[in-house]
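To start, the structure itself, in structure tokens.
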Amino acid sequence: MAKAANPTVTLKQMAATIAEKNDMPKKTANAIFEALIDDITKNLKKGNRIRIAGLGILQVRKRPARMGRNPATGEAIKIKASKKIAFRAAKDLKEAI
């Protein structure tokens, strides 16, 4: 029998937990989380690194254009340059897991 996948925790569920722990309305906690995500997004778009103590570092990395292969046909294809978001976990987080 296959092992059941771990459940996914949503942003709303996390906001509800934070609201409960801090005696605040869920609506306020939701607004705080949404503002945090908006701010993270804006800073990443600008190219800034984001360091969240205890969690890790988020940053945008540029991937250069390169040659690849179509796995179905084996034909060489050009993969264009792109950006990706890289996350490096903090030491505290690594040790906690």
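The values are calculated or read from the model by the stated rules, or taken from the named source; none is laboratory data. Worth saying up front: this structure is predicted, and the values here are computed from it rather than measured. As a convention, Cβ positions derive from the backbone with ideal geometry for all residues, glycine included, and neighbour counts pool all protein chains shown. Each accessible area value is taken on the protein alone, full model and side chains, heavy atoms only, with ligands, DNA and RNA left out. Shrake-Rupley method; radii C 1.70, N 1.55, O 1.52, S 1.80 Å.
Scanning the range 9-22 for residues that are open to solvent by 60 Å² or more (accessible area, probe 1.4 Å) and either in contact with a Ser or Thr (Cβ under 8 Å, 6 or more places away or on another chain) or in a helix (DSSP H, G or I) (or both) yields 11, 12, 13, 14, 17, 18, 20, 21. If the condition is being among the small types (Gly, Ala, Ser) and under 30 Å from residue 17 (Cβ atoms), then the range 33-69 contributes 35, 53, 54, 56. Summed over the range 23-49, the residues that are over 24 Å from residue 85 (Cα atoms), open to solvent by 90 Å² or more (accessible area, probe 1.4 Å) and either acidic (Asp, Glu) or touching a helix residue (DSSP H, G or I) at 6+ places or on another chain (Cβ under 8 Å) (or both) give a count of 2. Note on the range 23-51: residues that are at pLDDT below 95 and part of a strand (DSSP E or B) amount to 0.
In the set (1) under 23 Å from residue 90 (Cβ atoms); (2) in contact (Cβ under 8 Å) with a residue 12 or more places away in the chain; (3) touching a strand residue (DSSP E or B) at 6+ places or on another chain (Cβ under 6 Å); (4) outside any helix (DSSP H, G or I), residue 62 fails one condition alone, (1).
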